[in-house]
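To start, the structure under review is shown below, and the notes come after it.
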Amino acid sequence: MNLKITVLAGDGIGPEVAAQGVRVLQTIAARHGHALECHDALLGGCAIDTTGEALPADTQAQCAAADAVLLGAVGGPKWSDPKAKVRPEQGLLGIRKALGLFANLRPVKVYDALIDASTLKPEVVRGVDMLIVRELTGGAYFGTPQGRSGERPNRQAVDTTPYSEAEIARLMRMAFELARGRRRKVASVDKANVLATSRLWREVAHEVAAEYPDVQIEDVLVDACSMYLIRNPLSYDVIATENLFGDILSDEAAMLAGSMGMLPSASLGEQMNRHGFRRGLYEPIHGSAPDIAGKGIANPLATILSCALMLRWSFGLNEEAAAIESAVERALADGLRCRDIASPGTTLLGTAEMGAAVLERLA
Ligand code: IPM
Ligand code: MG
């Protein structure tokens, strides 16, 4: 198979972790007889520096022409002046929207070897295996009006959270379909006791649920969900929720797994690539970590695991995806750690060394 991938390495640790992901893809492609074509393009702060725009037209065109996109991370203090006209994050939101990637899948799996990396008790996190399905192209991230007006002491700002029933229904359908391949439980998370969009969300969620009588649906208020996530995370299978709630809950859930550096994500839409699979964007859930950028110590595993998701979702290469996931699991079982997940008695590795350790374990 010919795998045409656009790589948006981005800012901060983005290029360091993306490089390890590409290495793993190259090895897998060579081993399984696939032709890998990677093209680099600019997104975020590096794009602003070069072109003045966070999402240059050329980058958008390259992503649209690729089968899948691999993204490192965007942003950093250099571009975070609140008065700045362009922000790196606009590039990320822009490419999600431009490619129609309405569903963001964030699997949260607690590896046995990493139980001690979590700040929670082992009996609470052991065996956790959930999937957060976050709506990605609607809600407060894209609603208008958004902005600021007035001068001191009358400054004001507004954000708007619109959701249409079509946006909710397609996200819930995706969640139910995915639940069918898992434990058949969907928790639909909202704030229906306060927000009108959440009341619509709940109504539509139940209409879609009627099409999936074999899957159980439960409504959970987002504040309660944030508590249950750390009290009894084992009770969750699929969590489906709107953009902002999904952003917040997935960082919280990352702490079950020990570190943001472990969590991959897949963003999917309705568009298919030329192989008949969904065109997708794959990225670690962590950010650009400017404090450790350039030091070669960032954990590349979230990015490497994102590459596994890419092979599965955008190319249907399940065997290759599983090979990457088990290589990661073996590296962890062998006591290899990056700084974010290190514990006494384990071996501390840098970014490239961890990439190499995974490569060695790719059977
Ligand atoms: C994420 C990030 C982004 C988001 C930021 C960088 C815009 O936090 O992917 O979770 O809020 O979606
Ligand atoms: Mg986030």
Quiz prompt | Members of the stretch 240-258 found to be at negative phi and away from ligand 2 (no atom under 14 Å from the Cβ), listed by number | solution = A240, L256, A257
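Listed residues I292, I304, I217; which is surrounded by 19 or more Cβ atoms within 10 Å (Cβ to Cβ) and within 26 Å of Q20 (Cα to Cα)? Reasoning before the result, please.
Numbers: I292 fails: surrounded by 19 or more Cβ atoms within 10 Å (Cβ to Cβ); I217 fails: within 26 Å of Q20 (Cα to Cα).
The unique qualifying residue is I304.
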Exercise. Would you mind telling me which numbered condition in (1) under 16 Å from A103 (Cα atoms); (2) under 21 Å from the mean Cα position of the chain (by Cα); (3) more than 16 Å from ligand 2 (Cβ to nearest atom) D237 fails?
Key: (1)
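Can N273 be described as in contact with an Asp or Glu (Cβ under 7 Å, 6 or more places away or on another chain) and under 27 Å from I13 (Cβ atoms)? I'd like the intermediate steps shown before the answer.
Values: in contact with an Asp or Glu (Cβ under 7 Å, 6 or more places away or on another chain): yes; under 27 Å from I13 (Cβ atoms): no.
Answer is no for this residue.
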Quiz item: Out of curiosity, is E207 within 17 Å of N104 (Cα to Cα) and of a type in the set (D, E)?
Solution: no
Self-check item: Contacts under 8 angstrom Cβ, first residue in the stretch 140-158 being small (G, A, S), partner part of a helix (DSSP H, G or I) and modelled with pLDDT of 95 or more, 6 or more apart
Solution: A140/N243; A140/L244
Quiz prompt | Scan of the stretch 260-278 for residues that are away from ligand 2 (no atom under 16 Å from the Cβ) and within 15 Å of the chain's Cα centre (by Cα), ordered by number | solution = L268, G269
Practice problem: Would you check if V124 is away from ligand 2 (no atom under 15 Å from the Cβ) and not in a helix (DSSP H, G or I)? | Solution: no
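Would you check which residues across the stretch 180-208 are part of a loop (DSSP other than H, G, I, E, B) and within 23 Å of the chain's Cα centre (by Cα) and list them?
So the first thing to find is which residues in the stretch 180-208 are part of a loop (DSSP other than H, G, I, E, B), and the list is 181-184, 191-195.
Hits for the stretch 180-208 are G181, R182, R183, R184, K191.
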Self-check item: Conditions (1) in contact (Cβ under 8 Å) with a residue 40 or more places away in the chain; (2) under 30 Å from P300 (Cβ atoms); (3) not hydrophobic (A, V, I, L, M, F, W, C): number failed by G181
Solution: (1)
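So which of L101, L25 is within 25 Å of L311 (Cα to Cα), in contact with a Gly (Cβ under 6 Å, 6 or more places away or on another chain) and either of a type in the set (A, V, I, L, M, F, W, C) or at pLDDT below 95 (or both)? Show your work before the answer.
On the way: L25 fails: in contact with a Gly (Cβ under 6 Å, 6 or more places away or on another chain).
After ruling out the rest, the residue left standing is L101.
For the stretch 137-175, what are the residues that are on the phi > 0 side of the Ramachandran plot and surrounded by 12 or more Cβ atoms within 10 Å (Cβ to Cβ)? Talk me through it step by step, then tell me what you get.
We begin by selecting, within the stretch 137-175, every residue on the phi > 0 side of the Ramachandran plot; these are 139, 147, 150.
The answer is G139, and nothing else.
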Quiz item: Counting only residues that are touching a residue at least 60 places away in the same chain (Cβ under 8 Å), among the hydrophobic types (A, V, I, L, M, F, W, C) and surrounded by 17 or more Cβ atoms within 10 Å (Cβ to Cβ), how many does the stretch 330-341 have?
Solution: 3
Quiz item: Residue check, A253 against (1) touching a Lys or Arg at 6+ places or on another chain (Cβ under 8 Å); (2) closer than 25 Å to K78 by Cα, all met but one. Which one?
Solution: (2)
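More than 26 Å from K85 (Cβ to Cβ), touching a helix residue (DSSP H, G or I) at 6+ places or on another chain (Cβ under 6 Å) and assigned to a helix (DSSP H, G or I) - does that describe any residue in the stretch 137-148? Let's see the steps before the verdict.
First pass over the stretch 137-148, keeping only residues more than 26 Å from K85 (Cβ to Cβ): none.
Looking through the stretch 137-148, none of the residues is more than 26 Å from K85 (Cβ to Cβ), touching a helix residue (DSSP H, G or I) at 6+ places or on another chain (Cβ under 6 Å) and assigned to a helix (DSSP H, G or I).
The values are calculated or read from the model by the stated rules, or taken from the named source; none is laboratory data. Quantities reported herein were computed from a predicted structural model and do not represent experimental measurements. Note that we place each Cβ from the backbone using ideal geometry, even for glycine, and neighbour counts take in every protein chain shown.
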